[in-house]
Structures are given as structure tokens and as C-alpha cells.
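Report on one structure; see the data block that follows.
The values are calculated or read from the model by the stated rules, or taken from the named source; none is laboratory data. Bear in mind that the values here come from a model prediction, so they are computed numbers and not experimental data. Heads up, the Cβs are rebuilt from the backbone with ideal geometry, glycines too, and the neighbour counts pull from every protein chain shown. With ligands, DNA and RNA removed, areas are computed over all heavy atoms of the protein, side chains included. Shrake-Rupley method; radii C 1.70, N 1.55, O 1.52, S 1.80 Å.
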Amino acid sequence: MKVIALLLPILIFAGPAASADKPPDFDLKTADRFAKLALACVHKEYPNKISHFLNSDADVAPPRKLTPAFYGCYDWHSSVHGHWLLVRLVRMFPNADFVPPAREALRQSLTADDVAQEAAYLRAPGRSSFERPYGLAWLLQLASELREWDDPQAKEMAANIRPLEDAAIERLSSWLPKLSNPVRIGEHDQSAFALALMLDYARSTQHQEFADLVTSKARQFYLNDKNCPLAYEPSGEDFLSPCLGEADLMRRVLPVPEFSTWLRAFLPQIPTTGDGSWLQPVVSPDPSDPKLAHLDGLNLSRAWMLEGVSSVLSKDDKRLLAIDFAAEAHKDAGLAAVTGEHYEGGHWLGSFAVYLVTRRGISSHASNAGKQ
């Protein structure tokens, strides 16, 4: 850990107040490496793991025909956040060498015709649960990233993606009122992580009705939770922490004093002594296995969730040191695993790394409700 920690000054973000329009304080070579991971997969059709409901023989087709905008990167949701990665890094490093091929890849994918076909696919019979909630939440992140980017191409792509964005909002707005209980797992169906991305989108785009719906469900699901069983984590294929994902959501929902009190009851395991051993990074037993590679992503998502929690606590909170120690250890381990050596991890870990090092979830529109 100490050796990797020496690299952190070039990898961590300058601070919550920095703008996405200004390059973050991490090395341009690192940004280039992450961009190349996405460029290598956004139009790579195979191998492909599709989640596809067939209504008839007419629905038998290759991925590029079914979902022509997001057919690469092994699966639909990874393609979506691979495109998000490119938008985010082009915004931050507008003069980097990877910008021309990234812009061309985005132009090729996000055409009005292809996105319209994506929207029609989403609305087809039998597909009410398609990529719900994880992939749809990432789609909203892509939409808000495009909207926030003051650039002619971005404005065109934001307009092109609007029909699919609207279809996702309709789907989620119909589903959330019917979801009677939260989904507390460490994979795609986890409700806490998706609600956090949805809330960030709603605040970024000033979609108050959607923000109210998400906030209401978060309070319904999690406000009375106590003693989260952190010792039971992780499950063998987790890439999200059920406990930390919930905490990272609720720091967006509750005013700061209320969140601090809620966190004390929810995660009493957090030491007040500065002990950093309370939550240890994990190791993937086989990074070439698509499911077992999830654990590499867990380190990255734990790191950004811990940083999110830390960002809203008062400076004199005695839990901060232990939280920050754990965040740094997980960041070290997670970033070290983003090598691209195995496609099973390379097609998605870059997006998680960029979300972490650019502090996407910690910004003015994503901040805790009590600070707005």
C-alpha cells in the first residue's frame, strides 16, 4: 500500500470545488490509458453478453442491429458508461491526443437514428425490466454529462440522446412507485447505487419531479436502517457494497446533521480512533473471470462511496480519519487493478476508475441536500 500511495498525488482529484470543465489533478497519461480502454471496446461487438427478450423470430439479430448505439463493451450498460467515460475525459482534457478518436467514436455512436432505435427497443413489449435500474441510471449519467458540457458536438449529441433519456425516465418513474422494498445486493440490481446516480441526474438537469420521487423512495427504503451487516461483505461477486452504497445515497438525501446521526446508527463499526483496518480492500481470485473480476471494481466503488461520505461530515468528526484511511487503501488497490490485461475487467473498470478519480459523485449538484 505504501508504494502505491506514492502515486496518489498524480491520481487524485484537486477537490470538490473543481469544475468538470477544468482538467483534474491526475496525470494525463493515466487519463489517456483510461480513454483507450473505452475506445478499445465501444465498437467491439464480440464477445457479447446480451440481455434480450425476444417477441418473435424478427428479434433474432446481432447486437449491432438490436441496440446500434450501445452494442460494444461486452454488454449494454458497460457500453453506456464507456461512452460516459469518453465524454467526461474529453470535457476535462480537450487538447489531449485521445480527444479526436474519442469525439469520432461518440459521433459514430450517438446519432439521432441509432438512438431512436434504442428508444424503440427499450419501449418494446416484454422489456420493462431491461437494464433496470443499473444501465438506465448510467444512461442518465451520460445524458447529464452531455448536457453539462458546453460544446457544439455535445449539444447535438444531447439532443440526439433525448428520446432514449425520456424513455428511461418514463420506465424508472413507472417502476419506482411499485418497488415495495429495496434491492440489497452487490451487483447490478442494487437500488441504492442506482438511486444515487438518478438523484445526481435529476439535480443536474433540474428535474424536480424525478428528484422528489427518488428522494422519497430513498427515505422510505433506508431512513430507519440500523446496524448494517458490513462483516457479511463482500459476497463473492460483488462490485458494489450494499452498506456503503446506501450510505453514499443517504448523504445526498439527508441534511448534514441528520446524516451524521443516521450514519452513527447505520454503521456503528466505523472507528473513532483513526484505526484504518476496519475495512480492508479485497483481491479478485481470477481477473479473467467475468464475475470474479467484479471484486476489482468493488475496491473502486468502495473508495468513491467512502469519499462521498467523508465529503459531507464535519471536519471535527472523529470518524473521518478511519474513513479516509479506508478510502485511500481501496483507491490504491482498485486503481492498481485497472490494467486492461483481461477484457473481462478492462471493458468496464476504466469507467469506475474515472468516476472515482474525477469525483463525479461529489460536486455542486450531487452534494448533500443540507448543503444546497
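Details
- ALA336-VAL256 FRET efficiency (beta carbon distance; Förster radius 30 Å; 0.05 resolution): 0.35
- The gain in end-to-end length when the ALA112 to GLN280 segment is fully stretched comes to 55.9 nm, 0.36 nm per residue minus the alpha carbon separation.
- Gyration tensor verdict on the range 66-139 (Cα atoms; rounded if a/c is under 1.5, prolate if a/b is larger than b/c, oblate otherwise): prolate
- On Cα atoms only, tilt of 152-175 relative to the major axis of the chain in degrees: 70
- Whole-Å distance, taken between Cα centres, linking the range 224-282 and the range 149-195: 24
- Subtracting the Cα-Cα distance of ASP151 and GLU187 from their residue separation scaled by 0.36 nm leaves 9.5 nm.
- Positive-end residue of LEU37, SER284, MET157, charge dipole of the chain with Cβ unit charges: MET157
- In this Cβ point-charge picture (+1 for Lys and Arg, -1 for Asp and Glu), the chain has a dipole of about 580 debye about its Cα centre.
- Apportionment of accessible area to carbon and sulfur, the range 55-134, percent (1.4 Å): 50
- For the range 23-148, the solvent-accessible area of protein heavy atoms averages 40 Å² per residue (probe radius 1.4 Å; ligands and nucleic acids excluded).
- Between ALA120 and GLN220, the FRET efficiency from the beta-carbon distance, with R0 = 22 Å, is close to 0.10.
- Simple spin-label estimate for TYR232 and ALA58 gives 4.6 nm between the two label positions (7 Å along the Cα-to-Cβ direction from each Cα).
- Förster radius 25 Å - calculated FRET efficiency between LYS29 and ASP289, Cβ distance, rounded to 0.05: 0.30
- For the chain, the longest principal axis of the alpha carbon atoms and the long axis of helix 28-39 meet at an angle near 40°.
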